[in-house]
1. Taking the condition modelled with pLDDT under 90, assigned by TED's automatic domain parsing to the domain that holds R147 and among the hydrophobic types (A, V, I, L, M, F, W, C), does L97 pass?
2. Give the number of residues within the range 288-307 that are farther than 14 Å from M333 by Cβ and surrounded by 17 or more Cβ atoms within 10 Å (Cβ to Cβ).
3. Among the residues of the range 6-48, which ones are assigned to a loop (DSSP other than H, G, I, E, B) and buried (at least 18 other Cβ atoms within 10 Å of the Cβ)?
4. Being within 30 Å of R29 (Cβ to Cβ) and within 23 Å of the chain's Cα centre (by Cα): is that true of G334 here?
5. Does G199 meet the test of being in the same structural domain as P313 (by TED's automatic domain parsing), among the small types (G, A, S) and more than 24 Å from G16 (Cβ to Cβ)?
6. Quick check: anything in the range 73-92 in contact with an Asp or Glu (Cβ under 9 Å, 6 or more places away or on another chain), buried (at least 23 other Cβ atoms within 10 Å of the Cβ) and assigned to a strand (DSSP E or B)?
7. Testing M119 on (1) at pLDDT below 95; (2) assigned to a loop (DSSP other than H, G, I, E, B), one condition comes back false. Which one is that?
Amino acid sequence: MKIVLLTSANGWRGSGVSYAKIARGLLDRGHEVRLVTTVPRLTERLEIQGLPVTQLPGRDTGPREVWALLRILRQIGAQAIVADTPRDVRLSAYATLLHRARIIYRYNLNYRRPRSHLMDRIYLSRVAACFYQSRYIRREAYSHAPRLRRLTSRRIPNGYDTKAFVRDEAAGLAFRKRYGIPSASAVVLTSAKLTRNKGHDVAIEALDLVRREGIDLVYVVCGDGSREAELRGLAADQSFPTIFTGLLDPQEMVAALSAADVVVHPSLKEIFPNAVGEAMSCACAVIAADAGGTGELLGSDGRTGVLVPPGDPPSLADAVQLLLADRGLRQEMGAAARRRIEEEFPLSRMIDGYESGLARVVGERG
């Protein structure tokens, strides 16, 4: 198959990570794939991964962007294009008027209000199928655009590379040494973009409550984003140390996760978070806000992780305190989390889903 993966994602986490997995998996199976991006920092990260990527000349949906995408479709003779956002669907709809390729909408979080504008209906009429990462996002999609119920759909959860993401105690100790973290201090870690709705402020407030109970801890924040200065200011107001690492590459991320005693993911809205899956794969004890599709990944019975109400610092603080007090429970939970990833969400199953789903859509062409 010849496939274009189009994303307007503005950073590496989230869709950037997922698209890299899909592209690498399909390439390894002999398919021709081209990633198409709109921002330099994502383009650069994909190039570092050795993936074929082309950046569009702008972020609008004008003639320049349409013609650029059309040239890419024609260059590889694309049979299908996977679109990640409403903007990507619009751009794909215009480009495929002049090149026959099926559009697959990999439905992402949509923060705008549902609407039924005529042009939105026209764009969606060009979509051949929808791929959903979780049951939650499929329900969300149907509430925003009920006509999507009529399309062929497939649920393909994110998968995780358990060979790349595996706990490495030596790397964890080296990470602690590099950042000057005392051996007696507990490490609580969050990996997420530093943007709204990720809940870093909730975590900072919760960890202040934990610290007031006399627990020595360090908060490690992995990621970059527009909210960094604000979060640094919030952290500075507390008396426990907070380390901002910036965006880490996968190997550095494994080291950070291996240094962590507890991983917290306080995000207020998620589809199927890569950060949680990577932590589970590294056998971390994870506490996450029960928001969106996070529970579908982490599990809801308490054996493979702890779910707490979103936006609730006291509940998050109680869960952190419970796990920091019981190393055996942390280890048991982390081991169960890794088994869940190995059994339910291996990377191979994710690639199987995209390969078979795309083959079905391409095969439906007349």
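The values are calculated or read from the model by the stated rules, or taken from the named source; none is laboratory data. All values derive from a computational prediction rather than experimental measurement. All Cβ positions, even for glycine, are placed from backbone atoms using ideal geometry, and neighbour counts span all protein chains on display.
1. Answer is no for this residue.
2. Residues meeting the conditions: 8.
3. Residues satisfying the conditions are T7, S8, A9, N10, G11, W12, R13, G14, T38.
4. No.
5. For G199, the condition - in the same structural domain as P313 (by TED's automatic domain parsing), among the small types (G, A, S) and more than 24 Å from G16 (Cβ to Cβ) - is not met.
6. Yes: one or more hits.
7. (2)
Condition check ((1) outside any strand (DSSP E or B); (2) in contact with an Asp or Glu (Cβ under 8 Å, 6 or more places away or on another chain); (3) touching a residue at least 24 places away in the same chain (Cβ under 8 Å); (4) surrounded by 17 or more Cβ atoms within 10 Å (Cβ to Cβ)) across all residues:
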| position | (1), (2), (3), (4) |
| --- | --- |
| R147 | yes, no, yes, no |
| P157 | yes, yes, yes, yes |
| A164 | yes, no, yes, no |
| A174 | yes, no, yes, no |
| V188 | no, yes, yes, yes |
